[in-house]
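Written out below as structure tokens is the structure these notes cover.
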Amino acid sequence: MPSLTGGRGVAALLVAVHHGCLTWGGALVPIGNVGWLGVTYFFILSGFVLTWAFSPDRSYREFILYRIARIYPLHLVTLLVSLAFFAIFGHALGGYIGTRVGTVTQFFLIHDFVPGHPEIRQSWNGVSWSLSAEFFFYLLAPWFISRLNRIKEENLIRIGQALYFLHLTIGVVASSFQFPQVLDFMQYHPIAYMPTFIYGIVAAIFIQRGFEFSPNTGTKLMLFVPIFFYVYHNEVRNAIVMIDLCTPAFLAIIIGGATDDLKGKRTILSHGLIEKIGEASFSLYMTHALLLGVMAAVFHKFGMESHPSLKILIFLICSLLLSRLVYLWVELPSRKWFLVVVGLGRSKKQVLYSAK
């Protein structure tokens, strides 16, 4: 589905804008303030895509190995790059300097399960905390997809509504009564993000059952009004409220994009260039923070302290170029290599032999 691929690219760019604005500020700060919510889009989309492609005939082992092949090789490469840079220059590039325990947990993709410790959760290549949550979703996905598929539409809606209001209530109460540990848990922990994953599963089930929803561009933009209104009028913001305010808009984009793609309708998100960005979105997400660390150091060294928006623009262009190269030369080859190693892919020799 090209629209969903394109949407993934836009979400990755928004996360990059967020980190660029944290580093330099500038005119893009209003966008940067909500850019981190692209991660929420990833989680909802992940639930949708996994459900859409799910086959009960595929073994659990095969399902998990394909998902590991999708995220782990590039995660390992970026972790090693950050460790090597720290060993040489004394800086971690894209996150906190990790502890020994934190580095081990990151190696095994369980570092997001340690609430209240950003030096573990967001060490080295800090954005990888979301991969830990993603991996948790993968482990449970077959179970959730199989069981939710047996439920009637009206009950699926009730489940989604209950999760939404429970998530929002916990966030509001934790903020009102000043429970920072709860807020940290709700903003980062894999369990707290399970509702977003389930929203995606439910959305895919509705599409598979023939549901159609194709809102126009104006309607989609209107759904973003609450989140921008909230951000504009609140200097101190509740991250959980922000997640919940943008969820309906993200669902509309995903469901609408899937509906349009199934009908063969072209949209902005299915444009060839946007789709290309989407193809390399995982590489973009995993490399942009490391590149930002390098570029921030270079700009500082040469005294380039002005024009923050220009620096962010240069950073985004460089991130897109780097992500395309990493996608073609690292992400795809390492994914294929991993599948060959675990017996789910074919080596070059096997491909050549079968072609004879």
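A simple charge model with +1 on the Cβ of Lys and Arg, -1 on the Cβ of Asp and Glu and nothing else charged puts the dipole of the stretch 206-356 at about 840 debye relative to its Cα centre. Here's the picture: charge each Lys and Arg Cβ at +1 and each Asp and Glu Cβ at -1 in the chain, and of Ile243, Ala92, Ala204 the one pushed furthest to the positive end of that dipole is Ala204. Here the dipole of the chain is about 1120 debye; that uses its Cα centre as origin and unit charges on the Cβ of Lys and Arg (positive) and Asp and Glu (negative). Based on Cα contacts under 8 Å between residues 6+ apart, the chain shows a relative contact order of 30 percent. Within the stretch 89-119, the chymotrypsin sites (Phe, Trp or Tyr not before Pro) that combine a DSSP coil assignment with at most 12 other C-beta atoms in a 10 angstrom radius are Phe108. Counting other Cβ atoms within 10 Å as a rough exposure proxy, the listed residues Tyr232, Tyr199, Tyr327 run Tyr232, Tyr327, Tyr199 from fewest neighbours to most. Ordered by the count of other Cβ atoms within 10 Å of each Cβ, fewest first, Glu305, Glu134, Glu212 give Glu305, Glu212, Glu134.
Using a Förster distance of 56 Å, how high is the FRET efficiency between Glu119 and Ile151, based on the Cβ-Cβ distance and rounded to 0.05?
0.85
Among Lys220/Lys311; Lys152/Lys220; Lys152/Lys276; Lys152/Lys265; Lys152/Lys263, which pairs are too far apart, with a Cα-Cα distance over 32 Å? Too far apart for the 32 Å limit: Lys152/Lys276.
Toward the positive end of the charge dipole of the chain, with +1 on the Cβ of Lys and Arg and -1 on the Cβ of Asp and Glu, the farthest Cα among Pro215, Ile145, Phe185 is that of Ile145.
Rg then Dmax, both in Å and based on the Cα atoms of the stretch 175-266: 15.9, 50. Listed from fewest to most Cβ neighbours within 10 Å, the set Leu325, Leu316 follows the order Leu325, Leu316. For the stretch 180-216 versus the stretch 276-352, the spacing of their alpha-carbon centroids is 27 Å. By the equivalent-ellipsoid construction on the alpha carbon gyration tensor, the stretch 1-94 comes out with semi-axes of 30, 23, 8 Å, ordered largest to smallest.
Principal semi-axes of the equivalent ellipsoid, √(5λ) from the alpha carbon gyration tensor of the chain, are 29, 28, 22 Å from largest down.
For the pair the stretch 31-97 and the stretch 223-262, the centres of their Cα atoms are 22 angstrom apart. Along the Cα-to-Cβ line of Val173, 7 Å from the Cα, sits a label point; which residues in the stretch 236-264 have backbone N less than 17 Å from it? Correct set: 240-241.
Taken together, the values in this text are just the output of simple stated rules run on the coordinates, not laboratory data. For clarity, every value in this text was computed on a predicted model and none was experimentally measured. Note that each Cβ is placed from the backbone with ideal geometry, even for glycine, and that neighbours are counted across all protein chains shown.
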